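Enquirer: To start, I am sharing the structure in question, which I have written as structure tokens.
The values are calculated or read from the model by the stated rules, or taken from the named source; none is laboratory data. Predicted model only: the values in this text are computed from it and were never measured. For neighbour counting, all protein chains shown are included, and Cβ atoms are generated from backbone atoms with ideal geometry for every residue, glycine included. Ligands, DNA and RNA are excluded from the accessible area calculation, which covers all protein heavy atoms including side chains. Shrake-Rupley method; radii C 1.70, N 1.55, O 1.52, S 1.80 Å.
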Amino acid sequence: IYKNLFWAFLLLFCSSSPCTVLTLPVPTKSKEGAHGLGWVRSVRAQKANLFLHVTDGSCLQPLQIVASSESLTFGSAVEVTGVLKRSPHPRQPVELEAHHINVVGKCNPVEFPFKIKDRHSLEYIRQYPHLRCRTNAFGSLLRIRSEAATAIHSYFKKNGFVNIHTPIITSNDCEGAGELFQVEPSGQKPKEDENFFSVPAFLTVSGQLHLEVMSGAFSRVYTFGPTFRAENSQSRRHLAEFYMVEAEVSFTQSLEDLTEVMEDMFKSATEHVLAECSEDVDLFHKYVTPGHRVRPEIHLNVSLCCLFNKLDITYSEAIEILSRSSQKFVFPTDAAAVDLLVPGVGELCGGSLREERLDLLKNRLEQVGLEDAYSWYLDLRQFGSVPHGGFGMGFERFLQCILGVDNIKDVIPFPRFSNSCSL
């Protein structure tokens, strides 16, 4: 029920913007010398003709090729020349009458793991990370992923954020969980207490601390890149390498300032994906995750904005609700933090106001013995410091949310997790 309500809100909010669907140009007359390159997605023989569906990956809709009976197979790469004509079929505007077909790359349909008439599950194609981009489902996912990344960058640019390329190799443990990949040179054993960078270095778990550095010179900054967690987990929600969208806002002491950016970015990116990738999203909701699709007969006179407002609760309200439960809960210390939770995924965004009190930071770093390693962090609070806060959003979880994909390994091109690093 909650998933359907969520999607009803989502689609109603985005319905205010016109959807653009990629279509092929319809010629007023036949066009000689048309040229096409792509891969054969289907082969259908009928009397003297062979009907091929060929795609170059730019969109879900293939181009129909009408050819004489030739030895062509599913999965082959072809180069076609001929005449582009108006199609007699109402569902496709044009077709290409082939005069010559050059097979650029052959494909043995017997050995090829994907069969022309089978609808393969995401779990099945996950076994072939080097080939799954050739399926309709994963091709759609990659186009959606590309548009979603474009939409996020566009949102931040339009709203005055500066894009910061935070480092992948770092000496900081931002999360403090100890689940880090250490970086060392291969092919040589370092001497004891000797490090390539003079200090222990790790793959980043977050760009937050580097964004905090930049928030001393720019009022709005963000980063979008890979992050790493050495969690020994193969659950459907975790990866060892994934992408994070992180933002930092200066001159704020209000969580509402952060939630406004968080919600606006989510809505803007979702609206863009539903508009620019409507056919790809429909494929997922119809064939891949049909339970995620909202029934058209559901009509709710609300917007996605109302969804956020209705379901906002404070930390104190959450504690009060949990206190009435028969189950016992342990409540951590109250903090100026916020999470965005969505159905089927859980935590999508997490953010907080940053601690700005220098004395408190000094005492805490001394308690854990990190006052020397993080002396630079104290400098940030001594020289022109301003109140600031920020948040992060897991990009793959965002894709799971809008598509209804259950396993996070199915929304990233090459998933990395414990005991698996194919390619």
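Enquirer: Would you pick out the residues in the range 403-423 that are aliphatic (A, V, I, L, M) and assigned to a helix (DSSP H, G or I)?
Expert: LEU403, ILE408
Enquirer: So which of GLY384, GLY392 is touching a residue at least 40 places away in the same chain (Cβ under 8 Å), closer than 23 Å to SER219 by Cα and within 26 Å of the chain's Cα centre (by Cα)?
Expert: GLY392
Enquirer: Go through the range 81-124 and give me each residue that's of a type in the set (A, V, I, L, M) and farther than 20 Å from GLY38 by Cβ. It would help to see each step written out before you state the result.
Expert: Filtering the range 81-124 down to residues of a type in the set (A, V, I, L, M) leaves 83-84, 94, 96, 98, 101, 103-104, 110, 116, 122.
Passing the criteria: VAL110, LEU122.
Enquirer: Regarding the range 315-333, can at least one residue be identified that is at pLDDT 70 or above, open to solvent by 40 Å² or more (accessible area, probe 1.4 Å) and closer than 23 Å to LYS267 by Cα?
Expert: no
Enquirer: Looking only at the range 155-172, how many residues end up being open to solvent by less than 50 Å² (accessible area, probe 1.4 Å) and in a helix (DSSP H, G or I)?
Expert: 2
Enquirer: All but one of (1) open to solvent by 30 Å² or more (accessible area, probe 1.4 Å); (2) over 29 Å from LYS286 (Cα atoms) hold for LEU63, so report the exception by its number.
Expert: Looking at each condition in turn, LEU63 falls short on (2).
Enquirer: Considering only the range 227-236, state which residues are part of a loop (DSSP other than H, G, I, E, B) and touching a residue at least 12 places away in the same chain (Cβ under 8 Å).
Expert: To start, the set of residues in the range 227-236 that are part of a loop (DSSP other than H, G, I, E, B) comprises 229-236.
Result: ARG229, ALA230, GLU231, ASN232, SER233, GLN234, ARG236.
Enquirer: For the range 206-226, does any single residue satisfy the condition of being part of a strand (DSSP E or B), basic (Lys, Arg), open to solvent by 30 Å² or more (accessible area, probe 1.4 Å) and touching an Asp or Glu at 6+ places or on another chain (Cβ under 9 Å)?
Expert: Checked the range 206-226: at least one residue is part of a strand (DSSP E or B), basic (Lys, Arg), open to solvent by 30 Å² or more (accessible area, probe 1.4 Å) and touching an Asp or Glu at 6+ places or on another chain (Cβ under 9 Å).
Residues checked against (1) open to solvent by 20 Å² or more (accessible area, probe 1.4 Å); (2) within 30 Å of MET265 (Cβ to Cβ); (3) assigned to a strand (DSSP E or B):
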position: VAL110; (1), (2), (3): yes, no, no
position: HIS120; (1), (2), (3): yes, no, no
position: PRO129; (1), (2), (3): yes, yes, no
position: PHE138; (1), (2), (3): no, yes, no
position: LEU142; (1), (2), (3): yes, yes, no
position: ARG145; (1), (2), (3): yes, yes, no
position: ALA148; (1), (2), (3): no, yes, no
position: HIS153; (1), (2), (3): yes, yes, no
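Enquirer: Something else about it: Answer yes or no as to whether ASN172 is modelled with pLDDT under 95 and over 20 Å from the mean Cα position of the chain (by Cα).
Expert: Values: modelled with pLDDT under 95: yes; over 20 Å from the mean Cα position of the chain (by Cα): yes.
When the stated conditions are applied, ASN172 passes them.
Enquirer: Just one of (1) over 26 Å from VAL249 (Cβ atoms); (2) open to solvent by 30 Å² or more (accessible area, probe 1.4 Å); (3) assigned to a helix (DSSP H, G or I); (4) in contact with a Leu (Cβ under 9 Å, 6 or more places away or on another chain) trips up LYS362, so point out which.
Expert: All conditions pass for LYS362, except number (1).
Enquirer: Continuing with the same structure: Only one of SER146, SER198, SER154, SER140 is in the same structural domain as ARG354 (by the TED database), hydroxyl-bearing (Ser, Thr, Tyr) and at pLDDT below 95; which?
Expert: On the way: SER146 fails: at pLDDT below 95; SER154 fails: at pLDDT below 95; SER140 fails: at pLDDT below 95.
Answer to the check: SER198.
Enquirer: What do you reckon, is PHE284 part of a helix (DSSP H, G or I), in contact with a His (Cβ under 9 Å, 6 or more places away or on another chain), within 28 Å of ASN407 (Cα to Cα) and at pLDDT 85 or above? Outline the logic, then answer.
Expert: Numbers: part of a helix (DSSP H, G or I): yes; in contact with a His (Cβ under 9 Å, 6 or more places away or on another chain): yes; within 28 Å of ASN407 (Cα to Cα): yes; at pLDDT 85 or above: yes.
Yes: the conditions hold for PHE284.
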